[in-house]
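Worksheet: one structure, shown below.
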Amino acid sequence: MFIKALIFFALIMIVVTLVKRGKKDGTNMPTTMNTTSSDKAMKRCAECGVHLPEQEALTYQTLSFCCNDHKKLYLKDKET
Ligand SMILES: [Zn+2]
């Protein structure tokens, strides 16, 4: 009973965290490159925080990654 509730709670926390991160990525563009890159959408790697053009980014749901390794790393992080 308690364990089930704990797992459920943990899952909710993970989802909330992911949604928050996704929203941050989508709405609050990084301020550094923002002013000059209105024609090119910049994405931020959720794992290492590096910025890269949208067409070079790997996307997973609402998240973006600079490379496949970071995508794997990030998802592995969240699973545990
Ligand atoms: Zn990265």
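Summary of computed values
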read-out: Pair list, Cβ under 8 Å, 6 or more apart: region 52-74 residue touching a residue at least 60 places away in the same chain (Cβ under 8 Å), other residue of a type outside the set (Phe, Trp, Tyr) and away from the ligand (no atom under 11 Å from the Cβ); value: none
read-out: Count of region 70-80 residues which are surrounded by 14 or more Cβ atoms within 10 Å (Cβ to Cβ) and of a type outside the set (Lys, Arg); value: 4
read-out: Lone unmet requirement of (1) within 16 Å of the ligand (Cβ to nearest atom); (2) modelled with pLDDT of 85 or more for Val19; value: (1)
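Residue-wise test of (1) exposed (fewer than 15 other Cβ atoms within 10 Å of the Cβ); (2) at pLDDT below 90; (3) within 14 Å of the ligand (Cβ to nearest atom).
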{"site": "Phe2", "(1), (2), (3)": "yes, yes, no"}
{"site": "Asn34", "(1), (2), (3)": "yes, yes, no"}
{"site": "Met42", "(1), (2), (3)": "no, no, yes"}
{"site": "Cys45", "(1), (2), (3)": "no, no, yes"}
{"site": "Asn68", "(1), (2), (3)": "yes, no, yes"}
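The values are calculated or read from the model by the stated rules, or taken from the named source; none is laboratory data. Predicted, not measured: the structure shown is a model, and the values here were computed from it. In this analysis, Cβ positions are derived from the backbone assuming ideal geometry, glycine residues included, and neighbour counts consider all displayed protein chains.
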